[in-house]
């Protein structure tokens with residue numbers, strides 16, 4: 001059994017999670033090739049090694065040509081179901097989007113069918129979520145664990161305007177998950193990062209994940 005542990009010292013976002021799996025050994029060209037099964041155009045992935053506090057770190061780059069700002073959940077579901085994805089990849093990716101959709105719908109007072117994603121419906125977020133599912137599949141990861149999730153403070157600009165940090169959707173997604181508040185003025189954990197963790201991981205102080213594996 002292969003197990004991955006996410007030590008969330010700096011928070012979590014979609015590109016951070018996917019980048020960590022690439023650093024672990026998931027080949028980036030292979031992930032990009034498999035993402036091309038989706039009806040998307042103009043995407044490419046790249047990575048560079050950067051220094052962070054004296055240590056080498058992999059910085060993932062998602063390059064996208066499209067300008068579409070948002071998609072509805074139903075559109076994303078059709079895209080994934082028609083993308084010739086293996087069952088476990090489909091369950092993991094679709095489960096992440098469904099969790100995001102339900103939590104976004106709750107905080108905005110609408111339904112899953114009517115909610116439309118802004119930042120998380122853009123192409124780079126789709127790449128982060130589906131790419132993570134593919135990376136776990138390529139690495140043959142059976143289970144993931146995660147540390148306590150850190151939150152920053154302050155405000156962040158989003159499609160709906162200026163939001164508090166942590167964002168309302170992030171708070172909803174991580175209900176029941178152990179979190180740690182910090183004094184850092186930044187969005188350490190994004191909604192996409194939170195949803196990926198909640199779907200894929202078990203937490204030390206939590207009875208279980210919402211995994212759809």
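When segment 169-196 is filtered for residues that are farther than 11 Å from residue 12 by Cβ, at pLDDT below 95 and assigned to a helix (DSSP H, G or I), only 169 remains. Determine whether segment 133-141 contains at least one residue that is buried (at least 18 other Cβ atoms within 10 Å of the Cβ), closer than 30 Å to residue 42 by Cα and without any contact (Cβ under 8 Å) to a residue 24 or more places away in the chain. Checked segment 133-141: no residue is buried (at least 18 other Cβ atoms within 10 Å of the Cβ), closer than 30 Å to residue 42 by Cα and without any contact (Cβ under 8 Å) to a residue 24 or more places away in the chain.
Can you name the residue in segment 149-165 that is part of a loop (DSSP other than H, G, I, E, B) and at pLDDT 95 or above and is also surrounded by the most Cβ atoms within 10 Å (Cβ to Cβ) among such residues?
Residue satisfying both the conditions and the ranking: 152.
Out of the residues in segment 44-78 that are touching a residue at least 60 places away in the same chain (Cβ under 8 Å) and crowded, with 16+ Cβ neighbours inside 10 Å, which is nearest to residue 96 (Cα to Cα)? So the residue we want is 62. If you go through segment 1-29 and pick out every residue that is assigned to a strand (DSSP E or B) and farther than 29 Å from residue 81 by Cβ, you end up with 1.
Could you pull out every one of the strands (runs of 3 or more DSSP E) wholly within segment 30-148 that has 2 or more residues that are farther than 29 Å from residue 3 by Cβ? Outline the logic, then answer.
Numbers: elements: 43-52, 55-64, 143-146.
Answer list for segment 30-148: 43-52, 55-64.
Pull up segment 79-95, narrow it to residues that are surrounded by 13 or more Cβ atoms within 10 Å (Cβ to Cβ) and under 17 Å from residue 39 (Cβ atoms), then point me to the one that is nearest to the chain's Cα centre (by Cα). Among those that are surrounded by 13 or more Cβ atoms within 10 Å (Cβ to Cβ) and under 17 Å from residue 39 (Cβ atoms), it is 93. Among the conditions (1) closer than 25 Å to residue 202 by Cβ; (2) loosely packed, with under 14 Cβ neighbours inside 10 Å; (3) modelled with pLDDT under 90, the only one that residue 41 does not satisfy is (1).
The values are calculated or read from the model by the stated rules, or taken from the named source; none is laboratory data. Predicted model only: the values in this text are computed from it and were never measured. Neighbour counts run over all protein chains shown; Cβ positions are idealised from the backbone, glycine included.
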